[in-house]
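Here is the structure we will look at, set down as structure tokens.
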Amino acid sequence: NAGVTQTPKFRILKIGQSMTLQCTQDMNHNYMYWYRQDPGMGLKLIYYSVGAGITDKGEVPNGYNVSRSTTEDFPLRLELAAPSQTSVYFCASSPPGLYQETQYFGPGTRLLVL
Amino acid sequence: DQQVKQNSPSLSVQEGRISILNCDYTNSMFDYFLWYKKYPAEGPTFLISISSIKDKNEDGRFTVFLNKSAKHLSLHIVPSQPGDSAVYFCAASMRSNYKLTFGKGTLLTVNP
């Protein structure tokens, strides 16, 4: 199993550009999450999904959109990039049931908006 | 409003000694707590967890203690090894909604 994979690893965007951060998991997990981590800060939840077709906002959703058309994929869309979106983005997944809080993280996407 | 606090940004210990990482929380509705470990340029990895019905959970060299009355938990690593050098995040959840709230992390450095 590859676990949770994220692409790209690193990207530089100009202000106003758009991009999609890709996330795929091969563990058949129902729950998937997007976090951002700013320097010296903890991870903040952007969006999450409890299954295909179901998504909901987390703590910091402004400026982002998500979709979940399959169990495996959970892409994060930035429509109009702003310098405040410079961060490291982590995708995670977890199984339903007793251990649902045990989230498995991808390696992250480092995004720089200039 | 920071609901999960890790007040020590960094900790340095000698190899073989005990490392104690601390975490405080303010939301009394949290009933499940986790520790994650993160190496540079990698995603966090799950380390150990504890339910609010317990006050201790042990897994090899790692032990987590929970003091609900003080809203405090700690992670003990004995003995510490250089490979334990990483950022450790404390996280908390309400089991009813499966979302995690993370602290800012503590950078542990274990010196040979």
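The values are calculated or read from the model by the stated rules, or taken from the named source; none is laboratory data. Given the structure is predicted, the values throughout are model-derived calculations rather than measurements. Glycine gets a Cβ as well: all are built from the backbone with ideal geometry, and neighbour counts include every protein chain shown. Please note that ligands, DNA and RNA were not included when accessible areas were found on the heavy atoms of the full protein model with its side chains. Shrake-Rupley method; radii C 1.70, N 1.55, O 1.52, S 1.80 Å.
Residues that are within 10 Å of chain A (Cβ to nearest Cβ): find the strands (runs of 3 or more DSSP E) completely inside the range B:23-112 holding 3 or more of those.
On the way: elements: B:32-38, B:45-51, B:56-59, B:62-67, B:72-77, B:86-93, B:100-102, B:106-111.
Fully inside the range B:23-112 and qualifying: B:32-38, B:45-51, B:86-93, B:100-102.
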Completion exercise
Of the residues in the range A:18-39 that are among the aliphatic types (A, V, I, L, M) and surrounded by 19 or more Cβ atoms within 10 Å (Cβ to Cβ), the one that is nearest to A:Gly53 (Cα to Cα) is A:Met32
Completion exercise
Among residues of the range A:11-42 being touching a Leu at 6+ places or on another chain (Cβ under 8 Å) and at the interface with chain B (Cβ under 10 Å from one of its Cβ atoms), the residue nearest to A:Leu114 (Cα to Cα) is A:Gln37
Handout entry: Some residue of the range B:86-98 being at pLDDT below 95, more than 14 Å from the chain's Cα centre (by Cα), among the aromatic types (Phe, Trp, Tyr) and on the phi > 0 side of the Ramachandran plot
Key = yes
Problem - Count of residues meeting criterion [touching a strand residue (DSSP E or B) at 6+ places or on another chain (Cβ under 6 Å) and over 18 Å from A:Leu78 (Cβ atoms)] in the range A:40-55 - result: 2
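Listed here are the residues, each with its yes/no results for (1) touching a strand residue (DSSP E or B) at 6+ places or on another chain (Cβ under 7 Å); (2) modelled with pLDDT under 95; (3) closer than 14 Å to A:Ala92 by Cβ.
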site: A:Cys23; (1), (2), (3): yes, no, yes
site: A:Asn28; (1), (2), (3): no, yes, no
site: A:Tyr31; (1), (2), (3): yes, yes, yes
site: A:Asp38; (1), (2), (3): yes, yes, no
site: A:Phe74; (1), (2), (3): yes, no, yes
Exercise for the section: Could you check how many residues of the range A:49-69 are crowded, with 16+ Cβ neighbours inside 10 Å and either polar (S, T, N, Q) or more than 14 Å from chain B (Cβ to nearest Cβ) (or both)? Expected result: 7
Handout entry: Test: residue in the range A:82-101 that is of a type in the set (Gly, Ala, Ser), farther than 22 Å from B:Gly105 by Cβ and at pLDDT 95 or above
Key = yes
Handout entry: Whichever residue in the range B:23-32 is open to solvent by less than 80 Å² (accessible area, probe 1.4 Å) and without any contact (Cβ under 8 Å) to a residue 60 or more places away in the chain and, among such residues, is nearest to A:Arg110 (Cα to Cα)
Key = B:Asp24
Fill in the blank from the handout: Per the filter on the range B:51-64, residues at pLDDT 95 or above and open to solvent by less than 70 Å² (accessible area, probe 1.4 Å) are B:Asn57, B:Gly60, B:Arg61, B:Phe62, B:Thr63, B:Val64
Fill in the blank from the handout: Of (1) of a type in the set (Ser, Thr, Tyr); (2) crowded, with 17+ Cβ neighbours inside 10 Å; (3) at pLDDT 95 or above, B:Thr109 fails just (2)
Fill in the blank from the handout: The correct count of residues that are surrounded by 13 or more Cβ atoms within 10 Å (Cβ to Cβ) and within 25 Å of A:Asn28 (Cβ to Cβ) in the range A:70-98 is 14
Practice task
Check B:Lys37 against each of (1) open to solvent by 30 Å² or more (accessible area, probe 1.4 Å); (2) in contact (Cβ under 8 Å) with a residue 40 or more places away in the chain; (3) among the charged types (D, E, K, R) and name the one condition it does not meet.
Solution key: (1)
Fill in the blank from the handout: Expected output for the range A:59-74 (first residue over 16 Å from A:Cys23 (Cβ atoms), partner assigned to a loop (DSSP other than H, G, I, E, B), Cβ below 9 Å, 6+ apart or cross-chain) is A:Glu59/B:Lys99; A:Gly63/A:Glu79; A:Gly63/A:Leu80; A:Gly63/A:Ala81; A:Gly63/A:Ala82
Handout entry: Within the range B:4-17, tally of residues that are part of a loop (DSSP other than H, G, I, E, B) and either facing chain A (nearest Cβ under 10 Å) or open to solvent by 80 Å² or more (accessible area, probe 1.4 Å) (or both)
Key = 5
